[in-house]
Amino acid sequence: DLEKIKNTGNGQDKQLRSDGQEMGGAWPGQAFSLQVQEVLFHEKSQYQDVLVFKSETYGNVLVLDGIIQCTERDEFSYQEMLAHLPLFAHKDPKKVLIIGGGDGGILREVLKHKAVEKVTMCEIDQMVIDVSKKFLPHMSHGFSDPKLDLYVGDGFEFLKNHKNEFDVIITDSSDPVGPAESLFGESYYELLRDALNDTGILSSQGESFWLHLPLLQHLIAFNRRLFSKVQYASSPVSTYPSGSMGYLICGKQDHDLSVPARILDSAALKEMKLRYYNSEIHRAAFVLPQFVKEAFE
Ligand code: SAM
């Protein structure tokens, strides 16, 4: 069950040491280091430990509960893939919901879609929004956009009051220990399914197939009961544990989500300022190594 999987996949003893080394039960026996130039912010919010530091070579880094959430140097791989895989798999996304996403990176990407008329976002922690506005301006400029409706609260609770409403829902959550725990269970995905309209597509932060295979098998198994299409993609992100990040993409219709519904030419790529996502990478990201394919069968 989820409790057991979490304990093998994500430990409680995680920490980012003052020398910038990320250690923890989530990835036993391995560690990742970034050289710290200066700690810019460090406080405990109501929900988690919030740290921002200036690194030697990766720009400013946001760390929650000892786990790196994003660095200015490589965040675009994660933000572009988590946002554009569902948005380009959809023919005409008008209403988009983001759960989590307090750093603003996913919001920035969603707002690049001209079809999008309204973005709703529910982030639990005001402190994450505030530090991102201050220390991650390149990610957080979308917070002033008039298309945004921002709610500060628990995404799980928020969904209970929204039915048959959104074209795309993106869950940009932290790991399933701490405030994001409720965002990894079957009941959360039932709420997501019900909040999507009939042609709706979701994407969720999908951890890493190197480190969290049992958790992913569990997520994929129950989602196959809830959605017509359940697919998994990945991309390299150098500062995530194991250097790879996954994206769980589910659709209410039986359409292959690895095929973009809209193809980008080079002018559109430039206009949208895309640095990682393109139409070829959309398809390629769903091609999985054999051991992962077998695990998900
Ligand atoms: N890309 C990141 C990663 O996994 O490394 C995650 C990005 S970070 C913006 C995730 C956000 O989810 C945090 O700001 C956190 O406060 C928020 N969050 C966690 N639990 C939540 C919940 N139950 N409802 C809404 N937001 C939540």
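Show me the strands (runs of 3 or more DSSP E) entirely contained within region 132-238 in which 2 or more residues are under 17 Å from the mean Cα position of the chain (by Cα) and small (Gly, Ala, Ser).
Result: 196-205, 229-236.
ARG108 passes all but one of (1) surrounded by fewer than 20 Cβ atoms within 10 Å (Cβ to Cβ); (2) more than 7 Å from the ligand (Cβ to nearest atom); (3) without any contact (Cβ under 8 Å) to a residue 60 or more places away in the chain; which number fails?
(1)
Can you tell which of GLN69, GLN79 is modelled with pLDDT of 95 or more and within 13 Å of THR239 (Cα to Cα)?
Details: GLN79 fails: within 13 Å of THR239 (Cα to Cα).
GLN69 is the lone residue from the list that is modelled with pLDDT of 95 or more and within 13 Å of THR239 (Cα to Cα).
Name, by its number, the condition in (1) within 16 Å of the ligand (Cβ to nearest atom); (2) aliphatic (A, V, I, L, M); (3) free of Cβ contacts under 8 Å to residues at least 60 places away in the same chain that does not hold for ILE98.
(3)
Go over the candidates HIS282, HIS218 one by one and state the one that is within 23 Å of PRO176 (Cβ to Cβ), in contact (Cβ under 8 Å) with a residue 40 or more places away in the chain and buried (at least 18 other Cβ atoms within 10 Å of the Cβ). Before you say what the answer is, go through the steps one by one.
Numbers: HIS282 fails: within 23 Å of PRO176 (Cβ to Cβ).
Result: HIS218 is the single residue among HIS282, HIS218 that is within 23 Å of PRO176 (Cβ to Cβ), in contact (Cβ under 8 Å) with a residue 40 or more places away in the chain and buried (at least 18 other Cβ atoms within 10 Å of the Cβ).
Here is a check on your reading of the model: is THR199 polar (S, T, N, Q), touching a helix residue (DSSP H, G or I) at 6+ places or on another chain (Cβ under 7 Å) and more than 8 Å from the ligand (Cβ to nearest atom)? Give the steps one after another, and end with the answer.
Numbers: polar (S, T, N, Q): yes; touching a helix residue (DSSP H, G or I) at 6+ places or on another chain (Cβ under 7 Å): no; more than 8 Å from the ligand (Cβ to nearest atom): yes.
For THR199, the condition - polar (S, T, N, Q), touching a helix residue (DSSP H, G or I) at 6+ places or on another chain (Cβ under 7 Å) and more than 8 Å from the ligand (Cβ to nearest atom) - is not met.
For region 253-267, how many residues are out of contact with any His (no Cβ under 8 Å at 6 or more places or on another chain) and within 29 Å of GLN69 (Cβ to Cβ)?
Counting residues in region 253-267 that are out of contact with any His (no Cβ under 8 Å at 6 or more places or on another chain) and within 29 Å of GLN69 (Cβ to Cβ) gives 2.
So, of the residues in region 1-53 that are among the polar types (S, T, N, Q) and crowded, with 19+ Cβ neighbours inside 10 Å, which turns out to be modelled with the lowest pLDDT? First the steps, then the outcome.
Here is the first cut: in region 1-53, the ones among the polar types (S, T, N, Q) are 7-8, 10, 12, 15, 18, 21, 30, 33, 35, 37, 45-46, 48.
If we keep only those that are crowded, with 19+ Cβ neighbours inside 10 Å too, we end up with 10, 48.
Numbers: ASN10: 38, GLN48: 95.
This residue is ASN10.
Residues of region 54-80 being more than 10 Å from the ligand (Cβ to nearest atom), assigned to a helix (DSSP H, G or I) and buried (at least 24 other Cβ atoms within 10 Å of the Cβ), which ones?
Within region 54-80, GLU80 is the sole residue that qualifies.
When you look at TYR247, is it under 20 Å from the mean Cα position of the chain (by Cα), surrounded by 21 or more Cβ atoms within 10 Å (Cβ to Cβ), modelled with pLDDT of 95 or more and not polar (S, T, N, Q), yes or no? Talk me through it step by step, then tell me what you get.
On the way: under 20 Å from the mean Cα position of the chain (by Cα): yes; surrounded by 21 or more Cβ atoms within 10 Å (Cβ to Cβ): yes; modelled with pLDDT of 95 or more: yes; not polar (S, T, N, Q): yes.
Against the criterion (under 20 Å from the mean Cα position of the chain (by Cα), surrounded by 21 or more Cβ atoms within 10 Å (Cβ to Cβ), modelled with pLDDT of 95 or more and not polar (S, T, N, Q)), TYR247 qualifies.
Restricting attention to region 124-177, report how many residues are out of contact with any strand residue (DSSP E or B) (no Cβ under 8 Å at 6 or more places or on another chain), within 13 Å of the ligand (Cβ to nearest atom) and not aliphatic (A, V, I, L, M).
Selection size over region 124-177: 7.
What residue, of ASP145, ASP194, ASP149, is surrounded by fewer than 22 Cβ atoms within 10 Å (Cβ to Cβ) and closer than 17 Å to GLY100 by Cα?
On the way: ASP145 fails: closer than 17 Å to GLY100 by Cα; ASP194 fails: closer than 17 Å to GLY100 by Cα.
Only one candidate passes the filter, namely ASP149.
Would you confirm, using the coordinates I've provided, whether ALA295 is free of Cβ contacts under 8 Å to residues at least 12 places away in the same chain and assigned to a helix (DSSP H, G or I)?
Working: free of Cβ contacts under 8 Å to residues at least 12 places away in the same chain: no; assigned to a helix (DSSP H, G or I): yes.
Taking the combined requirement at face value, the residue does not satisfy it.
Does VAL119 satisfy the condition of being buried (at least 17 other Cβ atoms within 10 Å of the Cβ) and more than 28 Å from LEU226 (Cβ to Cβ)?
Details: buried (at least 17 other Cβ atoms within 10 Å of the Cβ): yes; more than 28 Å from LEU226 (Cβ to Cβ): no.
No; evaluated as a whole, the condition is false for this residue.
Looking at region 81-116, which of the residues that are under 12 Å from the mean Cα position of the chain (by Cα) and part of a strand (DSSP E or B) is nearest to ARG262 (Cα to Cα)?
That would be ILE98.
The values are calculated or read from the model by the stated rules, or taken from the named source; none is laboratory data. Just so we're clear, the structure is a prediction, and the values are computed from it rather than from any experiment. All Cβ positions, even for glycine, are placed from backbone atoms using ideal geometry, and neighbour counts span all protein chains on display.
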